[in-house]
Amino acid sequence: MNRLPLTVALSESDRVRALFDGTIAIEGVDANLLALPVEEIFFRAVTNQEFDVCELSFSSYMIGLSRGALPYLALPVFLSRAFRHSAIYVHADRNIRKPADLIGRKVGMPEYQLTACLWVRGLLADEYGVQPKDIHWRLGGVESPGRKEKIAVAPPPGVDIQTIGPEDTLSAMLLDGRIDALICPRAPSIFRKEPKIVRLFADFRAVERAYFAKTGVFPIMHVVAVRQSLIEKNPWLPASLCKAFGAAKDRALHQLDEVAALPVALPWLAQEVEETRALMGADWWPYGLEKSRKTLEAALRHSFEQGLSVRKLSVEELFAKGTDEQFKI
C-alpha cells in the first residue's frame, strides 16, 4: 500500500514524543520527522514554506490567514500553550510594581507579532486597562542583535514601535536601564544572574491560575499547519493527522499519572497534576475547536484589535474542514 511521504517539522515535547519514537503512527503517511527549535521551524515555514506539516506560531498563522497569503491551513492541534503573566521582566530599580506602572515606559519584545507578546498585550488591556498605545515598544533580539519581524505588521496609529540598534540586545538594554521592562517567551539570560532583573508578577502561578478561573482561557501559542495543496489532493489527511496528534497528547497526559517511577524530573509531579486537574479538568490540554473556543475567540480579538490581522477572523474559518468532528467521536 502506497503511503504519502511527508516532511513534518516539530519541536520536541511530551505531546509529540510518541510520534518520534514510533509508538503512534500517522495513518496513510510515511513521515520524515524533523525535531527542530521552534524559531527555526517558524522562520523556514514562513519565509520558504519548507515543510509539508509543521508547528507554526498561532499569531503568524492568524495574520497570514487574514491576508489570504498563507500556503498552510491549521489543524485544531495546539502543541504549545502557556500562560504569559510570567513573561514580563522588569528592572527592579524602575519602581514597576504593578501593570499600571508600565504606562509611559519603554518595553522590549523580540517581535510585535510574536504570539507570547500578543497574549501579554491582550491581558494587560483586558485585565489591567493598560493599552498598547500606553507603552513605548522597542523591538529586537533578546540575546542576539539584528532580529527582525518575520511578518511585516502595521499596528494602529498612535502605537509607538521602534527597532533597537543593530548592535544592541534587549537583555543588555534592560540591564543597563535603556528599557524598563522586557516581554519574551524565554527567560532572558540576565534573569536569575542579575538580582535587579525580576518578574513583574513574582507569584505568577497564583495570578495565572486566577486568570484561568476567571476567563477560562489557556493561551494557545502554536498550531499544527498543513500545506493546503496537500489537503486538496488528500482530503483524508487532516483527520489522520488529528488522530495521531491527539493520541500522542493523550498518551503524554496519561503518563504523568505514572508516579511509581516519575516520567519527568519534578519531585511533586503528582501534586501538580492533581491541582491542575482540579482547576482545569481531566483534559486540561484540549485539542479541537469547541473545547478551546473561548481561547480562540480571545486570540482572534487580540490579533484584530492590535492591528495584526487585517480583518476579524471567525473561529470556524481557522481550521481545515472536518477536523473538529474527529474530537467528538
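Assorted remarks:
- Flag for Q271 being surrounded by 19 or more Cβ atoms within 10 Å (Cβ to Cβ) and either modelled with pLDDT of 95 or more or among the small types (G, A, S) (or both): no
- When the stretch 175-197 is filtered for residues that are within 22 Å of the chain's Cα centre (by Cα) and not small (G, A, S), the ones remaining, listed by number, are L182, I183, C184, P185, R186, P188, F191.
- Breaking point among (1) closer than 19 Å to G122 by Cα; (2) part of a loop (DSSP other than H, G, I, E, B), for G165: (1)
- Within the stretch 181-215, the set of residues being free of Cβ contacts under 8 Å to residues at least 40 places away in the same chain, among the aliphatic types (A, V, I, L, M) and within 18 Å of L123 (Cα to Cα) comprises A202, A206, A210.
- Condition check for R147: touching a Phe, Trp or Tyr at 6+ places or on another chain (Cβ under 9 Å), touching a residue at least 12 places away in the same chain (Cβ under 8 Å), surrounded by 15 or more Cβ atoms within 10 Å (Cβ to Cβ) and basic (K, R): no
- Selection of the stretch 74-114 for residues being of a type in the set (A, V, I, L, M, F, W, C), more than 30 Å from L313 (Cα to Cα) and assigned to a strand (DSSP E or B) yields only V90.
- In the set (1) outside any strand (DSSP E or B); (2) surrounded by 17 or more Cβ atoms within 10 Å (Cβ to Cβ); (3) small (G, A, S), the condition left unmet by A69 is number (2).
- Conditions (1) closer than 26 Å to A69 by Cα; (2) surrounded by fewer than 21 Cβ atoms within 10 Å (Cβ to Cβ); (3) of a type in the set (A, V, I, L, M); number of the one not met by L256: (1)
- The criterion of at least 3 residues that are under 25 Å from E50 (Cβ atoms) and out of contact with any Lys or Arg (no Cβ under 6 Å at 6 or more places or on another chain) is met by the following helices (runs of 4 or more DSSP H) wholly inside the stretch 213-329: 228-233, 237-255.
- Given (1) crowded, with 17+ Cβ neighbours inside 10 Å; (2) touching a residue at least 40 places away in the same chain (Cβ under 8 Å); (3) assigned to a strand (DSSP E or B), number of the condition V142 does not satisfy: (3)
- Of all residues in the stretch 37-64 being in contact with a Lys or Arg (Cβ under 8 Å, 6 or more places away or on another chain) and surrounded by fewer than 19 Cβ atoms within 10 Å (Cβ to Cβ), the one that is modelled with the highest pLDDT: E50
The values are calculated or read from the model by the stated rules, or taken from the named source; none is laboratory data. The shown structure was predicted, so the numbers you read here are calculated from the model rather than taken from an experiment. Here the Cβ is made from the backbone with ideal geometry for all residues, glycine too, and neighbour counts use every protein chain on show.
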